[in-house]
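A short worksheet on the structure shown next.
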Amino acid sequence: MNTPGVLSFTQQAWEQVLAKAKRAVVYLDAACAESLHWGCGSSRLLEAVGSPACYLREFEPAAVGGGVEQPKAVFVLSSLLKGRIVETLRDIICRSHFQYCVVVTAVNHAVHLTANHVPAAAAAELEGQQPVFEQLEEKLCEWMGNMNYTAEVLHIPLLLAPVAPHLALTPAFASLFPLLPQDVHILNSARPDRRRLGSLAEVDATALTPELLLQIRCLVSGLSSLCEHLGVREECFAVGALSRIIAADLANFAPAKNRRKTATGRASVVFVDRTLDLTGAVGHHGDNLVEKILAVLPQLPGHTNDVMVNMVELTALQDEEENQNVVVPGCLAQSNDPAAKALWEALLNTKHKEAVMEVRRHLVEAASRENLPIKMSVGRVTPGQLMSYIQLFKNNLKSLGNHCGLLQLGLATVQTLKHPQTAKWDNFLAFERLLLQNIGESTMSVVLNQLLPMIKPLNQRTSDDYSPEELLVLLLYIYSVGGEFSVDKDLGEGEEKVKKALAQVFCEESELSPLLRKITGCDSSINLTFHKSKSAVDELFTLLRDIAGARNLMKQFKSVYVPGNHTHQVSRPHPSDHPLLILFVVGGVTVSEAKMIKDLVLSLKPGTQVIVLSTRLLKPLNIPELLFATDRLHPDLGF
């Protein structure tokens, strides 16, 4: 292995799983499947299983059990082994014929003790022992029907989905999002009057719900394992309310304290709340092809960070909607294809125009190597030109197999360039640039008045106009980039006009999207009255003002906008001079932000290695979904 990093950490963890997988039925939950997908690919697991039958199954209550000819099972889980998770294990095992069960959890045994309410002092005395795992091993034998059968329960830190050497995500924590001022009111409802919280600045670990605290501890368990793999003694820093709590938990995590005593390297781990700058997440100024691919292509089922690529063009089927479900979709992750992986990393690190040219170059080189009858062309790259190169591989099975990963990335590029939403991306960008000029020169009420004519009901909208969800993205951009502003009569009137127009648009939708259902609290547009819609929009604007004031408590980095310049999406923290900087963005990061952080550190401190970690890759529409999630304070941990 090369220098330890996010890829070696993930692959080393999966090697431990693969060593247990021979001739086993393997059950994976969605987060572990996503880690495998980006880390080493499902083909590596299938090779390790070594059976001609497909022995990979989703871990769920309705999962098919193991037959008489399947005596071994491996369960690979991202969660705590407790509650519904254990019940699902029991149900699958009881309807199977297993004689050997291995259960892998991504969560450290120390966190299992916390989840089972074992006091810290008692947990310290159990160092080196694993009673929770041992008790479950006994249960596994009991469910298999013979106490002499074999059961193993072990912790393997399957935390990350490594998207690139400098960027990795935490699929099990995709829903983790920073606290908002409205969450303080909910937390206060469970506290006595004399202990009520005044603001987010006063929120500490003792104020959080037990579920959220445990979710943070599970994340910290994985991050501590990463630091152990990297061989570093980390110093923790934080910007933002939830980040402060996570950083403190990592600093005080008992297994981490023991590990740091022998670590020889040094690292700074900086946690940042996404809510301090939503501009970069909802804006369209990244100029990155991958961001557009993620925004316009449909999400790969069960995944938060990959998309479905329609592969019908490489078959004899007609490219019609009913055939799209006949052929297995392609995707972006190409962990076992070095050439495709090189292209993928180039796409992450170049601007849109250069990325498209890079796709053409790779396709031309691949076709040339296969002696396919390619017609060379120069100048502007078009979707039709790329498609003509891709179709050269269509009837050549050997060539298609040799370059399958590259062709998936090529088709993803073509489908994105041809997608109507890509043309709209430029409309967003133009409006955002206009906003930046006006925010520097005008009041917020003037900016809102410019938005007003764009708010159109369904029967007046064309494909070029903004949907309700897209209007929310623009509003989030306006309020996040603007920051704190003074409230006056003009602003009140401007906001009221926008609120009424937006409420009317919601009412006139023929069908409410999942996001609009969440915002309005109505399952159907038939039940949505103007009064209900207006109340929901009033709450939305309270949230927008909270977002505008998110940086109020900060002494530095109060603005993400400099008049006469483009937005500064992430301000560089200055924690210390350690040779490794790990920046963890709580709530998601965009591809162009990750690249910007890497480039900025390289230019300012050339000797420093940087790793960007985050809960998920973001596209603009993710932010409204995360802001209106109902389980932020009460995450579903499976029990």
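The values are calculated or read from the model by the stated rules, or taken from the named source; none is laboratory data. What you see is a predicted model, and the numbers here were worked out from it, not measured in a lab. FYI the Cβ positions are ideal-geometry reconstructions off the backbone, even for glycines, and counts take in every protein chain you see. Ligands, DNA and RNA are stripped out before the accessible areas are found, and what is left, the full protein with its side chains, is counted by its heavy atoms. Shrake-Rupley method; radii C 1.70, N 1.55, O 1.52, S 1.80 Å.
Of the residues making up region 190-212, those that are touching a helix residue (DSSP H, G or I) at 6+ places or on another chain (Cβ under 6 Å) and not β-branched (V, I, T) are R196, L197, L200, A205, A207. Of the residues screened, L214 is one that is within 20 Å of the chain's Cα centre (by Cα), of a type outside the set (D, E) and within 30 Å of Q12 (Cα to Cα). Condition (residue is modelled with pLDDT under 95, within 25 Å of G330 (Cβ to Cβ), open to solvent by 20 Å² or more (accessible area, probe 1.4 Å) and not acidic (D, E)) applied to region 28-42: is it met by at least one residue? Within region 28-42, one or more residues are modelled with pLDDT under 95, within 25 Å of G330 (Cβ to Cβ), open to solvent by 20 Å² or more (accessible area, probe 1.4 Å) and not acidic (D, E).
Look through region 233-283, keep the residues that are in contact with a strand residue (DSSP E or B) (Cβ under 7 Å, 6 or more places away or on another chain) and of a type in the set (S, T, Y), and return whichever of them is nearest to F177 (Cα to Cα). The residue in question is S243. Please verify whether V270 is open to solvent by less than 10 Å² (accessible area, probe 1.4 Å) and not assigned by the TED database to the domain that holds R545, treating the condition exactly as stated. The answer is yes for V270. Of the residues screened, G401 is not one that is in contact with a helix residue (DSSP H, G or I) (Cβ under 9 Å, 6 or more places away or on another chain) and either of a type in the set (G, A, S) or not in a helix (DSSP H, G or I) (or both). From the list D204, D193, D183, the one residue that fits, being open to solvent by less than 30 Å² (accessible area, probe 1.4 Å) and acidic (D, E), is D183. Among the residues of region 90-130, those that are under 33 Å from the mean Cα position of the chain (by Cα), assigned to a helix (DSSP H, G or I) and not charged (D, E, K, R) comprise I92, I93, H109, A110, V111, H112, L113, T114, A115, A120, A123. Looking across region 508-519, just one residue is open to solvent by 30 Å² or more (accessible area, probe 1.4 Å), part of a helix (DSSP H, G or I) and of a type outside the set (D, E, K, R), and that is P514.
Output the residues belonging to region 43-82 that are open to solvent by less than 30 Å² (accessible area, probe 1.4 Å) and among the small types (G, A, S). Answer for region 43-82, where residues must be open to solvent by less than 30 Å² (accessible area, probe 1.4 Å) and among the small types (G, A, S): A48, S51, A63, G65, G66, G67, A73, S78, S79. Taking the criterion of being in contact (Cβ under 8 Å) with a residue 40 or more places away in the chain and open to solvent by 20 Å² or more (accessible area, probe 1.4 Å), the residues of region 520-548 that qualify are T542, R545, D546.
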